[in-house]
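The structure under discussion appears below in the form of structure tokens.
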Amino acid sequence: MGIERRHWAWAAAPLALALLTATGCTGTPGARATPTAAPVPSGAPSTSVARVCAEPAAGPTKAPAGAVTVDPAVVGDLATKTKDNPPNTTFWLRAGIHRLTPDRYAQVIPKEGDRYLGAPGAVLDGRQENQYAFGGTARNVTLRHLTVRRFVAPQNEGVVNHDSAEGWVIEHTTIRNNSGAGLMAGAHQRVRANCLRDNGQYGLNAYTTGGRVTDLVVEGNEITGNNTGDWERRRPGCGCTGGAKFWAVDGAEVRGNWVHDNRGTGLWADTNNNDFRIEDNVIEANDGAALIYETSYNAVIRNNTIRRNNWVEGRRAADRGDDFPFATVYLSESGGEPRIRARTDEIEVYRNVLENNWNGITLWENADRFCNSPANTSSGACTLLVRDTDRCAQPAIARAPLYADCRWKTQRVDIHGNRFVLDPSVVPCTAKCDRMAVLANYGTYPDWSPYKGDRVAEAVTSRQHNRWHDNVYLGPWTFVAHDPSRVLDPGQWQGTPYQQDADSTFGPQAGG
């Protein structure tokens, strides 16, 4: 799956070796940051967050009527009793350390409608020997009030719902200190009020083989300290990390989560996602971007509090002289598309507070990335408008409709009603941390590309209906348009030819 995140020079930025410690933000993997109130306008996001890792809800102290009791003193009791009982059975795990048999592939294979409830102190421990905790294809399985820890799933695989079965409900569960992804998410899944912490690659990985994940809800979770394996250092440019990663998801609600102190990106939607609502989250102190929405479509991003993100990755890029505006909210080859069914036909970013991050919002479109191009890092995928990648070739790709439909376009992005705060006394930088941007590279590759030169840069900047307006800026903001060399002050940004941020206000430096 590993999708690379590309920038101006087509070389992926390495992740930091360690999290950054700075005023008000201690970046130890899994450390519990303390949210602080941000000065927000009326109607802006709440700063209340899901503190579920420190304050987990307790499970039932007695077995519910009709439940099968699972004994932690019997190795493999949970898997055995699951196998021996019919579908729609409720299992109650007593307090204590539950273990599977000492076989790397030993796991619990639920039947349809099975329910697993943990008593206070019930732990399923993989002992760094078992790869998976719960797998199989049974639908409508429920997990509540368990701790699942120390499983060793391989890269890009998950511990809970390993096979991305449909309709699972996972609530009030702590999934921590596992390799790979703590949790896989399939269609019609509900992931609520969980602690997804200190997992080796992802806290959550939404992906299913050969299809699309539909109708996904991720709500009220604490997602923290993930990517302890520092995968992008081990495989530079793999694009294979994040607090939560979404692949080919159609219809998602991501709301009310506290996403913090992850090594890398907080939330990352990558490749042909559509119809997301990302709202009422607190996203803070992640090494990289708070949010990446990449080669995807149609989203609403609203009422989020986003602060102190990208200090590690942003600084490393600046220190090596890279002039690409690495962003806290990074919309990469993503935009609104009315032909793809969703609850919106644009990407709308509004009523968010972005406070003391490294850079703001970047709208980026890579001129060399399109279907059938060797520069397309999306594992041979094509857009949702062209299913057959082979169609995207000369001479047809040079003409309508394939000229437009063979590439993911950053278009129809509406950024309004946000508050952008940058206090130089808080953010540890001297340059390249103060930018908003809309840009592309100069197209050069491959030889048969119809997108050479600055035609994509001109389109994303001026013709694809991307606009900022009615925002509030505090601090020394600058703006980048067309390509990284065009750095603008607010007056130039608002003036001809860019005419951005109509009816926005630019205040004095924050903290001044």
What size of dipole, in debye to the nearest 20, comes out for region 377-512 about its Cα centre when the only charges are +1 on Lys and Arg C-beta atoms and -1 on Asp and Glu C-beta atoms? 360
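Sort region 207-254 into rounded, prolate or oblate with this rule: let a ≥ b ≥ c be the square roots of the eigenvalues of the Cα gyration tensor; rounded if a/c is under 1.5, and if a/c is not under 1.5, prolate when a/b is larger than b/c, oblate otherwise.
Details: a/c = 3.61, a/b = 1.42, b/c = 2.54.
Cα axes put region 207-254 in the oblate bin.
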For the chain, what's the relative contact order in percent, using C-alpha pairs closer than 8 Å and at least 6 residues apart? 11
So the compactness index of region 87-151, its C-alpha Rg divided by 2.2 N^0.38 Å, takes the value 1.07
Cα gyration tensor of region 160-314, axes a ≥ b ≥ c as square roots of the eigenvalues: rounded (a/c below 1.5), prolate (a/b > b/c) or oblate? rounded
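Return the calculated 222 nm mean residue ellipticity for the chain, to the nearest 500 deg cm²/dmol, obtained by summing -39500 (n - 2.57) across DSSP H runs with n ≥ 4 and dividing by the residue count.
Details: 6 runs with 34 residues, N = 512.
My calculation for the chain gives -1500 deg cm²/dmol from helical runs alone.
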Highest mean packing first, using Cβ neighbours within 10 angstrom, the peptides 143-150, 482-489 sort as 143-150, 482-489
What order do you get for 461-469, 124-132, 159-167 when each peptide is scored by the mean count of other beta carbon atoms within 10 Å, highest first? 159-167, 124-132, 461-469
Please figure out what share of the DSSP beta bridges in the chain is antiparallel and state it in percent, rounded to the nearest 5. 5
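Can I get the semi-axes of the chain's equivalent ellipsoid? Compute them from the C-alpha gyration tensor as square roots of 5 times the eigenvalues, in angstrom, largest first. Mind dumping the intermediate values first?
On the way: eigenvalues 324, 133, 72 Å².
So the three semi-axes of the chain are 40, 26, 19 Å.
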Theoretical gain in end-to-end length, Arg339 to Ala54 [0.36 nm per residue, Cα-Cα removed]: 98.2 nm
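Bear in mind that the values in this text are calculations on the coordinates, not laboratory data. Because the structure is predicted, anything quoted here is derived from the model rather than measured. Every residue, glycine as well, gets a Cβ built from its backbone with ideal geometry; the counts of neighbours run over all protein chains shown.
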